[in-house]
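Right, one structure below, let's go through it.
The values are calculated or read from the model by the stated rules, or taken from the named source; none is laboratory data. Please read these numbers as outputs of a predicted model, since none were measured by experiment. Positions of Cβ are backbone-derived with ideal geometry, glycine not excepted, and every protein chain shown enters the neighbour counts.
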Amino acid sequence: MNQNLSLYRIFYTTARTGNISRAAEELFISQPAVSKSISRLEQSLGTELFTRSSRGVQLTEEGELLYSHVRSAFQTLESAENQLRIRREFGMGQLRIGVSSTLCKYILLPCLKDFVKLHPHLRVTISCQSTNHTMRMLEEGELDLGLTGKPEKLGSLTFAPVMQVQDIFIATRDYLENLSLFTGQKEKDSFSADDTLSFLKNGVLMLLDRENLTRQYLDRYLKEHTLFPENILETTSMDLLIDFARIGLGIAGVIREFVLQELKDGTFLEMPLPFPVPPREIGFVYRENQIRPQLEGALIHSISASLSVPAL
């Protein structure tokens, strides 16, 4: 575009009002300045844009063609300005969150409802995926926050914990009793850590897929204690692990905080371990220099408060 934007604004206003004096009033400039600007634009484009009369100005055919495009351009600009004004006045913004389907269901969604009520004009985008994928998107600026287990390597990112979780192995009593008979053991009222070692070796161990941070954590635990299960069933969802365990399909590696009710009512037994799995932290990962106190900061504080964990 060879012309100064101000010339097109003067042309647009004059064409819309049909009068040079009214255009001058709207633009807070003099009538001679409007006339001079229109003449400069006509000379530059090599065509007459208006016909003048005592009643005002009227677009020529060429002027109508130019006005149709200029009008569309300025309406687009005005729309953008209005959206920016609304965002400023009502606190509207966008918040992009990456999270696994498990953490989304059990941690994020229960807390997000109240947060959204406080920010009714906020646009929230949630991407459910593996922690590794979330970390890559954060580093590339495609996400604002990631809710994950604490990664081993953060690089330039920051981690703010919101809760501690405990990984455990669960199964139904019926499954463990049947497995005991299969391995030649006598029927028992309770099971020991030695029984667990036998069950992990001879039973079906159900774990999340290798892209999941929980799976990687449990793999390290098993390897560290030279536990090498022979029969492994993998899935991408902890909900499916819980459902598979519920129907007696095997032993599931899950997070205790997500099956508290089933442990309480006896649906599952938590299997005793000779070497307890160390607890780990769940929290938000973000780029320190790009966090907004009223959005990312407020969400971290809200969820930390609801889970009774002080925010960093």
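Miscellaneous remarks
- The stretch 99-134 - residue that is over 12 Å from Leu299 (Cα atoms) and touching a helix residue (DSSP H, G or I) at 6+ places or on another chain (Cβ under 6 Å) and, of those, modelled with the lowest pLDDT: His121
- Segments classed as helices (runs of 4 or more DSSP H), wholly inside the stretch 188-304, with at least 2 members that are closer than 23 Å to Lys150 by Cβ: 213-224, 238-246
- Of all residues in the stretch 87-98 being assigned to a helix (DSSP H, G or I) and surrounded by 12 or more Cβ atoms within 10 Å (Cβ to Cβ), the one that is modelled with the highest pLDDT: Arg87
- So Thr47, is it among the hydroxyl-bearing types (Ser, Thr, Tyr), assigned by TED's automatic domain parsing to the domain that holds Gln75 and in a loop (DSSP other than H, G, I, E, B): yes
- Filter pass, Leu147 being modelled with pLDDT of 90 or more, in contact with a strand residue (DSSP E or B) (Cβ under 9 Å, 6 or more places away or on another chain) and outside any strand (DSSP E or B): no
- Inspection of the stretch 99-107 identifies at least one residue that is in a helix (DSSP H, G or I), touching a residue at least 40 places away in the same chain (Cβ under 8 Å) and β-branched (Val, Ile, Thr).
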